[in-house]
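Comments concern the structure below.
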Amino acid sequence: MSASAPILIVGAGQAGVQIAESLRQEGYGGELLLIGEELHPPYQRPPLSKKWLLEPGADHLLALRGPAALIRRKIELRLGQCVTAIDRSGGALQLAGGARLPYSKLALATGSMPRTLALPGAQLQGVFALRSITDSLQIGAAVRRCVAHNLPLVVIGGGFIGLEVAASARKLGAEVTVLEGLPRLMSRVTAPIVSEAFERVHRAHGVQLVFGAQVVELLGSDGSVQAVRCADGAQFAAGAVVVGIGVVPNDALAAAAGLSCDRGILVDDCARSSDPLIVAAGDCTARRLPDGRLLRLESVHNAIEQAQSAAAALMGRERPFRSTPWFWSDQYDVKLQMVGLSYGYDQVVTRGDLAAPAFSAFYFRAGQLLAVDSLSRIQDHMKAKRLLDAGVSPTPQQAADPNFDLQTLLQSAPGPTGGAA
Amino acid sequence: MPQVTYVEPDGQRVSLELDAGASVMRGAMDAGLSGIEAQCGGACACATCHCYVDAAWLDKLRAPSEDEQLMLQNVAAERRPTSRLSCQLTVTAELDGLTVQFPDRQS
């Protein structure tokens, strides 16, 4: 192990790029290598289920940063490289093909991969999961084939990816069926009132929603998918199937090297792993909260925030995760913006027009604001983000009263706790 | 190609030639400028690409949409009459010479 060896970052997605950039902002002047497995330069994933599915364009339009940005920051990008092992005692990475790269310190930003269906027929042609640019292009082409041949698209999973794909496919003119195993949409992250609003929106746009659907088999002929069969015998014809049933963190590399992992690489608030020379950020991590609960966040904001902590930690500084987690989803004309974590809420109040829908759901526990989901209510989202960052809670009555200006609570509060990045 | 001049929070000026049709945000991110985060990548969902437009150019820009106006109400840095979200500013030949400044904080 050599202090003059470069800092290596494994994974060239949102978190990896941010770690590299933040390291330079933190004053790291040494060699810096960003190692990516895909051949595409670092790109944004959120548009892949939204705008990109509708109108794919040139790769550079999806880029997280351009080549000039990496040159300016002296970040060396190595694409198409698969890391096969971390040799912690030797302080080096082992690459497929035999090359060894020594590191002084290491950052893991290996991301996640879509959970797969372990069912008969899951390997048929026409069955897709969405993670990469290639996946998005293939799904877009399959949806267009469905439209041309008048065949339905079946989406398995009524979460964010499934619903965004469903909305995009409807815009492209495909007939769409969404099969959800639970009794409502996005049930893991939203209150029933938000699920119900999206249920109405998707039905109004002609999507067939099936709840409590236990998929048991995908049926095909000549190797191509033709239908999805459920436990109750119901069968849904399918020209193509998109599976959106969550993601699995890519922690195998870390686990094989003996780092503590528990459905993700375990990190503290400062993105430090169980090895003092190794940090981790983004989808591949699981964070231990003060109450002992494990938190996994799969979002752009989490990747950026943890990456900033990780870069500081590599420079020997503590910069704990501090700004309130937030997330967004676009489905048809509804802009969903979520801020805070609603886990453990005991009360939900709403502000705005439920039917439009243009409303916000405020989640409280013991009268304290935990989180806010805003549907086409940008003003609520922005104020809620600042309230949560400042640790200021409206009362449930104030939140539900459309005539109460939440801004007044901010004026008496100190500024947001998040500092300049 | 239209040229846009960016002023980073430390005062450094960077002039870039951008393709017409690109956003002012895209140009800054591609060049790796400081003072911009653009977390949502241009979806008008995060207000972390806030910039101050040189006052002389203000009325040459397309007026902000309702969504952008709502986002601008709660940007992290001081909001000024010249505040815009750079992801919503599309570069055109008429904007050749545009100057924008990034604030000291985006989140």
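Radius of gyration over Kirkwood radius for the stretch A:333-411, both on Cα atoms: the Rg/Rh ratio is 0.92.
Using the Cβ of A:LEU277 as centre and a radius below 11 Å, the other residues enclosed give a net charge of +2, where K and R count +1 and D and E count -1. Counting, for every residue in B:67-75, the Cβ atoms of other protein chains within 10 Å of its Cβ and taking the mean gives 4. Run the Debye formula on the Cα coordinates of the stretch A:246-342, all scatterers equal and no solvent, and tell me log10 I(q)/I(0) at q = 0.11, 0.13, 0.16 1/Å. Each listed q maps to, in turn, -0.33, -0.46, -0.66.
In the stretch B:3-101, the C-alpha radius of gyration followed by the widest Cα-Cα span (Dmax) gives 12.1, 32 angstrom. Close amide-amide hydrogen proximity is noted between A:VAL178 and A:VAL155, A:GLN208, A:LEU209, A:VAL210, each under 5 Å apart and 5 or more residues distant or on a separate chain (H modeled in the peptide plane; Pro and chain starts excluded). Between the C-alpha center of the stretch A:27-106 and that of the stretch B:1-48 there is a gap of 22 Å. Lysine pair count for the protein assembly as shown (Cα-Cα distance under 21 Å; residues 8 or more apart in sequence or on different chains): 8. Across the stretch A:4-114, the volume of the C-alpha convex hull divided among the residues equals 110 Å³ per residue. Take the Kirkwood radius over Cα pairs of the protein assembly as shown, plug it into Stokes-Einstein at 10 °C and 1.306 mPa s, and you get 66 µm²/s for translational diffusion. For A:ARG288, neighbours were defined as the other residues whose beta-carbon sits under 9 Å from its Cβ, and their charges (Lys and Arg +1, Asp and Glu -1) total -1. Remark: spin-label model distance A:LEU289-A:THR116 equals 3.2 nm, labels positioned 7 Å along the Cα→Cβ axis.
Our helix-only sum for chain A, with -39,500 (n - 2.57) per DSSP H run of n ≥ 4 divided by its residues, gives a mean residue ellipticity at 222 nm of -7500 deg cm²/dmol.
Quick note: the coordinates plus some simple rules give every number you see, no bench work behind them. Since the structure is predicted, the reported quantities are computational estimates derived from the model, not experimental observations. Cβ coordinates were reconstructed from backbone atoms using ideal geometry, including for glycine residues, and neighbour counts include every protein chain displayed.
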